[in-house]
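Worksheet: the structure to be examined is printed underneath.
The values are calculated or read from the model by the stated rules, or taken from the named source; none is laboratory data. Computed from a predicted model, the values in this text were never measured in an experiment. We place every Cβ from the backbone using ideal geometry, glycine too, and count neighbours over all the protein chains shown.
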């Protein structure tokens, strides 16, 4: 068993473990033991992806496990706690994750091509299923971007502020312990050193850095 705090990173739509590499390395430098989780973001629905995540967790011996989830990964994580509520203690950071619907996906999924591209997990979000699943009573930090650059702007006009794909309002989690809005676009959230630093601080302390500092 590692002596460093375990953190499981969950990627977003169309991504693989490679996309989580820079964030994982930064968290490792901050004293964590990261484990990246990749899943079938298009083919499988949220429940199937949650089952795959649970299978990974079953292989980890750690007494506590933190989670960091990017974009669609935050919905996979929400499904995990809905279908597998008996999880080990740990904190959660959601990065650019559309917890309250997604206007860009709702517009795109109206076409046959859009439905094929977005897949079953996004279809669950648009259908409203995960919005009824309660988050557990633990410390949850939410990071959102407000720099409007991204694919979502090309397929749908988005309410402001947004990160080009997800609006700040869509990232809302009722009862979250902390919320941080940064001038970063959606894809840039995974590359941002500031996002990684804020994530590390929340996992260590349960608080984000003071924006005034």
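Could you tell me whether residue 120 is in contact (Cβ under 8 Å) with a residue 24 or more places away in the chain, assigned to a helix (DSSP H, G or I) and crowded, with 23+ Cβ neighbours inside 10 Å?
Answer is no for this residue.
For residues that are touching a helix residue (DSSP H, G or I) at 6+ places or on another chain (Cβ under 6 Å) and over 12 Å from residue 166 (Cβ atoms), scanning just the range 88-105, find the one that is surrounded by the fewest Cβ atoms within 10 Å (Cβ to Cβ).
In this case the residue turns out to be 91.
Answer with yes or no whether residue 85 is under 21 Å from residue 141 (Cα atoms) and either surrounded by 23 or more Cβ atoms within 10 Å (Cβ to Cβ) or at pLDDT 95 or above (or both).
Answer is yes for this residue.
State yes or no: is residue 15 within 17 Å of the chain's Cα centre (by Cα) and touching a residue at least 60 places away in the same chain (Cβ under 8 Å)?
Here the answer is no, as residue 15 does not meet what is asked.
If I filter the range 132-149 for residues that are buried (at least 16 other Cβ atoms within 10 Å of the Cβ) and assigned to a helix (DSSP H, G or I), do I get at least one hit?
No, every residue in the range 132-149 fails to be buried (at least 16 other Cβ atoms within 10 Å of the Cβ) and assigned to a helix (DSSP H, G or I).
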